[in-house]
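The values are calculated or read from the model by the stated rules, or taken from the named source; none is laboratory data. Only a predicted model underlies this, so the values are computations on that prediction, with no experimental measurement involved. Cβ placement follows ideal geometry from the backbone for every residue including glycine, while neighbour counts extend to all protein chains displayed. Please note that ligands, DNA and RNA were not included when accessible areas were found on the heavy atoms of the full protein model with its side chains. Shrake-Rupley method; radii C 1.70, N 1.55, O 1.52, S 1.80 Å.
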Amino acid sequence: YIGIGAGAHSRITIDRIKHSFLTYHQPEKWLKHSLELNNSIQKQTKLSKEAMLEELLIFGLRIKNGINLKLFDDYLGKSFNAIYGDKLNTLCQENLIKITKQKLIATSKGQNLAHNITNFMVKNASL
């Protein structure tokens, strides 16, 4: 996504690496840099694979449709099965997540614990 304006945040993926951009918060400073330097970016950071995974999980586990498993390969360069194998069996057995051929979905019980599930999945990922 691309944020526009003072204090905007953006995420742009370049060659499977997600970059974080932050523009100046102060409108006057943002405008001055935009007009005089044609660049209002205050900070640019390459996100680590762990940070990319964490973002994918934080946003995806909170929606009913879940996360398309293809996104793991698209974002991280590895398939969901290569990243996790059978490491998530306990979460499935506890009825916290459901894994189909195409999606990872947090159950209604799991959505209440999405933060804990995200932490567990980031910690146990083979990136």
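Taking every DSSP helix (H) stretch of at least 4 residues in the chain, weighting each as -39,500 (n - 2.57) and dividing the sum by the residue count yields a mean residue ellipticity at 222 nm of -9500 deg cm²/dmol. Other residues with beta-carbon under 15 Å from the beta-carbon of Ile14 carry, at +1 per Lys or Arg and -1 per Asp or Glu, a net charge of +3. Proximity of backbone amide H atoms, modeled 1.01 Å from N, is registered between Gly7 and Thr23, Tyr24, His25 at under 5 Å, excluding neighbours fewer than 5 places apart on the same chain. Karplus-derived 3J(HN,Hα) values for the range 22-29, using 6.51 cos²θ - 1.76 cosθ + 1.60 with θ = phi - 60°, are 10, 9, 4, 6, 6, x, 5, 5 Hz; glycine and proline are entered as x. With a cut-off of 9 Å between beta carbons, the residues surrounding Ser40 carry a summed charge of +2, where Lys and Arg count +1 and Asp and Glu -1. Annotation for the range 1-56 versus the range 61-101: alpha-carbon center distance of 28 Å. With an 8 Å Cα cut-off and a minimum separation of 6 or more residues, compute the relative contact order for the range 1-87 in percent. 21 percent. Once Rg and Dmax of the Cα atoms in Å is worked out from the coordinates, which option in (1) 24.9, 90; (2) 17.7, 58; (3) 20.2, 65 does it equal? Correct label is (2).
For the chain, the carbon plus sulfur part of the accessible surface works out to 52%, probe radius 1.4 Å. Take the chain with all the other protein chains still there, run a 1.4 Å probe, and you get 64 Å² of accessible area per residue.
Each Lys and Arg Cβ is given +1 and each Asp and Glu Cβ -1; about its Cα centre, the chain then shows a dipole of about 220 debye.
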